[in-house]
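Student: Mind looking over this structure? Questions follow.
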């Protein structure tokens, strides 16, 4: 994919909001422009390339949600926001790993580079991870059907062909079983459900 | 309450696919039926999880593709090729002309500028809230008035440096930021050192002091422990070298 260096911030944000193939275009640009910088934050603070890949993926997930939900303030700048989210996510990860040495190194300078509002976003990211873990726990087939229907907005006919179902009715039944199973998982995690529900209500 | 019929109705409601009559009936039921309300919340969370799952998949596949291409490029670029590329780039820069050269400094700053946002200030002699609020409110003049000329507090002097930068007074910004670096030399706690070097490099660039800016660009780029390490690309360094060469 050939990407223009003059891809403006407004175009990036518009493409993220549009989703689909336009989101891919914006992601492609951000990956080629900022991945190296974001990776270096992890690498210079005791992380390895795998850590960087995980944190950067979470960062883009959080950033895209932030833009799509209308919580991104343009004046913060895309690069500044990504930089700040990665740094804060990595600090959170280090805290989780309880590595005193790493923590010392990362706070050596006595301050964090933090774009305003990022700490609130970090809380949201933690909630997103909880929600995602519920979804990840249902079967592969169910995940594929639900994503095709709710995220990719494919028609039942297209999903039927993609997932190799004999009829639309069989697919429809399967889809509701999958959704029901997911709802039951959410319901079964009382604390999780409460925490997520509060997070959604606070949006 | 978790039955197919209610799930179907609520799902259609969230998709705005109910007729006006069905919708009004459901809204009435939701008012009176706590369990149905609970199911609606559960459904919203479930749909949110599906959306996140889909988004994660999409991001994952872009990331996978990017890393695959990057790995190929790293393998392909041999040292000799790299230098040929640099030499070719230098030749190209020379040919591009005056207009492009004039745009370079502002482009370098635009590409690499990360605004400083205050988080937690420590060990400030001025009450924290005053500086913090002034900074958040972009009251740059107030910050400059509040910080004494002879302050030996790195945090304060750094913020004054940023305030001067934001006001476009790059001479003063350089003075403040150099002072932060100087103060750190005499102290064991090196606060705001990396930040001062980063914004100093940009201030120097603004004043076309390319030689000095280049020293800092290279330092930041070489020091893997620098907070801003990785922010300047090899291409940025090359551009700055061209500016230095043209100016001299």
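The values are calculated or read from the model by the stated rules, or taken from the named source; none is laboratory data. If you're wondering where the values come from, they're calculated on a predicted model, not measured in any experiment. All Cβ positions, glycine included, derive from the backbone under ideal geometry; neighbour counts span all protein chains shown.
Student: Can you pull out every residue in the stretch A:78-96 that is farther than 17 Å from residue A:30 by Cβ and either exposed (fewer than 12 other Cβ atoms within 10 Å of the Cβ) or at the interface with another protein chain (Cβ under 10 Å from one of its Cβ atoms) (or both)? Working first, answer last.
Tutor: Of the residues in the stretch A:78-96, the ones farther than 17 Å from residue A:30 by Cβ are A:88, A:90-96.
Scanning the stretch A:78-96 gives A:88, A:96.
Student: Could you look through the stretch B:24-48, keep only residues that are more than 11 Å from every other protein chain (Cβ to nearest Cβ) and within 13 Å of residue B:8 (Cα to Cα), and pick out the one that is modelled with the lowest pLDDT?
Tutor: B:36
Student: Please specify each residue of the stretch A:34-53 satisfying the condition of being more than 9 Å from every other protein chain (Cβ to nearest Cβ) and either crowded, with 16+ Cβ neighbours inside 10 Å or in contact (Cβ under 8 Å) with a residue 24 or more places away in the chain (or both).
Tutor: A:34, A:42, A:46, A:47, A:51, A:52
Student: Still on this structure, please answer the following. Would you pick out the residues in the stretch B:49-67 that are over 23 Å from the mean Cα position of the chain (by Cα) and either in contact (Cβ under 8 Å) with a residue 40 or more places away in the chain or within 7 Å of chain A (Cβ to nearest Cβ) (or both)?
Tutor: B:49, B:50, B:51, B:52, B:53, B:54, B:57, B:58
Student: Does any residue of the stretch B:191-208 turn out to be surrounded by fewer than 20 Cβ atoms within 10 Å (Cβ to Cβ), over 22 Å from the mean Cα position of the chain (by Cα) and away from chain A (no Cβ under 14 Å)?
Tutor: yes
Student: If you don't mind, another one. For the stretch B:142-184, give me each residue that is more than 24 Å from the chain's Cα centre (by Cα) and over 18 Å from residue B:201 (Cα atoms).
Tutor: Scanning the stretch B:142-184 gives B:142, B:144, B:145, B:146, B:147, B:148, B:149, B:150, B:151, B:152, B:153.
Student: Of the residues A:67, A:113, A:78, A:120, only one is at pLDDT below 85 and under 17 Å from the mean Cα position of the chain (by Cα); which?
Tutor: Matching residue, one of A:67, A:113, A:78, A:120: A:120.
Student: Please enumerate the residues belonging to the stretch B:138-166 that are more than 14 Å from chain A (Cβ to nearest Cβ) and exposed (fewer than 15 other Cβ atoms within 10 Å of the Cβ).
Tutor: B:141, B:145, B:148, B:149, B:150, B:152
Student: A further question on this structure: Please give the number of the condition residue A:75 fails out of (1) within 11 Å of chain B (Cβ to nearest Cβ); (2) under 25 Å from residue B:107 (Cα atoms); (3) crowded, with 18+ Cβ neighbours inside 10 Å.
Tutor: The failed condition is (3).
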